[in-house]
Amino acid sequence: MGSPAISVVIATYNRSRALVHAIESVLRQTLTDWELIVVGDACTDDTAEVVARYASADPRVRFVNLESHWGEQSAPNNVGRAMARAPLIAYLSHDDIWLPHHLKACSEALAITGADLVLGTAARISFAGDKPAFDSLHVLLQGLGEGNRWSPADLDASVAVASCWLIRAHALDKIGGWPMSQQERAEPSQALLFQLWRRGFHIHTLNDLTLIVIPAGHRANAYLQRETPEHDWIAEHIGDPSFACEFAARIPATNAFAERRWPRRPPYWRRVLSGMLAHLGINPRGLTMAMRHGWKRGANLRYLRERAGLEPTGAPGAAPSLRVAAVRRACRTTIGTAMNSGVGAGGVRYLAGGWSVPEADGCWSDGPSAELMFDIGNPPITNLRFDFSFSVFQRPPGTPREVVIETVRGDLIGRWTLSEPGGNWSIVVPASAWIGSRIGLRLRFNETISPKQLGLSDDPRALGIKLQRVCISPP
């Protein structure tokens, strides 16, 4: 059997139920030329039996259980690298889940750019309620970089956990592999990233949502609980084509207008200071972790293990296009199928730029324009009718509101005056307006206004319409 293109390494310790979901996300990858090496950190639960079931059904899966417990991922990751047969190495935490296109997208970017390391963009998630649900979901992006370049000066946005990585094996070997937590103030993954950056290796950020991070280290007693409700919830929904779009829609930075009101980037002076420190060889992430958990090396690992319920060890800009990319992959639809835009209803996969977070009964436009994207599978042979159901945000009396619908190329499709609180539109889109099987439509508003401007609430969104339903049908 020849060598695989990618060696996937999962370091794990006594989290067999979460591990199942991580392994399943590898098996779902659209790129299939990989091997999976699961390295147990002296696991004492049923991890060996769980992995054995996969290995018996798929020869690409291997398992080794270390004799000594290291209490962190660095040692298992280095063992996995030593066992790897591929020229490319991908890491996956046993708590994290890849979206199906992760390996394909990262490997294509690696080949095109010639980078030494490609970072997929992670959705780091948490839930406000007791049970996981879309309407209680909070998302923070990690692994972004301006101009697709990683920089330690970007602080929180630059944090790229190992699950984001696809790295050339020779680059990893030149840097000496994974450092141990006791040697670092920052997490070993971020310390390794900083070393690669300092040594001049090319680090390319994909700026495309490819994985979900469920941080066990910040959930109390995570390792003492076998239940994994977040993972189970994700498993229920990950097959839905709108899944990644639901996540992207909940990140303010994926809406260019929201980004101006709620900037996620740190202040300019912090980025300048961080950049200066980085060029002096001081890792800004290490300073951040030291201020949070103590200046002694290894303090971050001790904090994470205590938080997770484990015994201490002896010594852890580009965003708007991210939503468009998620929609572009998922916007396939069938003529005659109604697309509802409410939370969890699936219609979010057609809402590209200029839309807010989906609500129970629809999704508000946010800003002077909003874009829709549809793919019907084949180029249309006739004109098609689009039926829209919507409600209109109130405006000051006597203020006319007009919306223009055009293609993203600027071809005029229709024009309406919005005079009622809600209603329906019907437009006919000529077959000539489509680009193959796909079309992008832009709604432009001559006037938007926020609840804050009207004195109704503190909501600063520039609201136009709340889109509830779209259906494409023959004219």
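Summary of computed values
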| item | result |
| --- | --- |
| Unmet requirement for ARG185, which otherwise passes all of (1) modelled with pLDDT under 90; (2) under 30 Å from GLY353 (Cβ atoms) | (2) |
| Per-region count, the range 1-40, residues assigned to a loop (DSSP other than H, G, I, E, B) and among the charged types (D, E, K, R) | 3 |
| Residue among ALA84, ALA48 that alone is buried (at least 20 other Cβ atoms within 10 Å of the Cβ) and either in the same structural domain as HIS237 (by TED's automatic domain parsing) or under 19 Å from LEU166 (Cβ atoms) (or both) | ALA84 |
| Subset tally (residues that are within 16 Å of ALA256 (Cα to Cα), hydrophobic (A, V, I, L, M, F, W, C) and either surrounded by fewer than 14 Cβ atoms within 10 Å (Cβ to Cβ) or in contact with a helix residue (DSSP H, G or I) (Cβ under 7 Å, 6 or more places away or on another chain) (or both)) for the range 442-475 | 1 |
| Subset of the range 345-377 [assigned to a loop (DSSP other than H, G, I, E, B) and either of a type outside the set (Gly, Ala, Ser) or over 14 Å from ALA330 (Cβ atoms) (or both)] | GLY353, GLY354, SER356, VAL357, PRO358, ALA360, ASP361, GLY367, PRO368, ILE376 |
| Check on PRO380, outside any strand (DSSP E or B), under 25 Å from ALA330 (Cβ atoms) and not small (Gly, Ala, Ser) | yes |
| When residues of the range 303-320 are limited to those that are part of a helix (DSSP H, G or I) and under 21 Å from the mean Cα position of the chain (by Cα), the one modelled with the highest pLDDT | PRO320 |
| Subset of the range 116-136 (residues that are of a type in the set (A, V, I, L, M, F, W, C) and over 13 Å from the mean Cα position of the chain (by Cα)) | LEU117, VAL118, PHE127, ALA128, ALA133, PHE134 |
| Subset of the range 144-169 [of a type outside the set (Phe, Trp, Tyr), within 24 Å of ALA11 (Cβ to Cβ), part of a loop (DSSP other than H, G, I, E, B) and in contact with a Phe, Trp or Tyr (Cβ under 8 Å, 6 or more places away or on another chain)] | ALA160 |
| Residue that is surrounded by the fewest Cβ atoms within 10 Å (Cβ to Cβ) [pool: residues in the range 321-372 that are polar (S, T, N, Q) and over 16 Å from the mean Cα position of the chain (by Cα)] | THR334 |
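Here is a yes/no grid of residues against (1) modelled with pLDDT of 90 or more; (2) assigned by TED's automatic domain parsing to the domain that holds GLY120; (3) under 20 Å from THR417 (Cβ atoms):
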residue: GLU359; (1), (2), (3): yes, no, no
residue: TRP364; (1), (2), (3): yes, no, yes
residue: ASN378; (1), (2), (3): yes, no, no
residue: PHE386; (1), (2), (3): yes, no, yes
residue: GLY398; (1), (2), (3): no, no, yes
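Matching residues to (1) out of contact with any Lys or Arg (no Cβ under 9 Å at 6 or more places or on another chain); (2) among the hydroxyl-bearing types (Ser, Thr, Tyr); (3) farther than 30 Å from ALA345 by Cβ; (4) assigned to a loop (DSSP other than H, G, I, E, B):
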residue: GLU67; (1), (2), (3), (4): yes, no, yes, yes
residue: TRP70; (1), (2), (3), (4): yes, no, yes, yes
residue: ASN78; (1), (2), (3), (4): yes, no, yes, no
residue: ALA111; (1), (2), (3), (4): yes, no, yes, no
residue: PRO132; (1), (2), (3), (4): yes, no, no, yes
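The values are calculated or read from the model by the stated rules, or taken from the named source; none is laboratory data. Keep in mind it's a predicted model, so treat the numbers as computed, not measured. Neighbour counts are summed over all protein chains in view; Cβ atoms, including those assigned to glycine, are modelled from backbone coordinates with ideal geometry.
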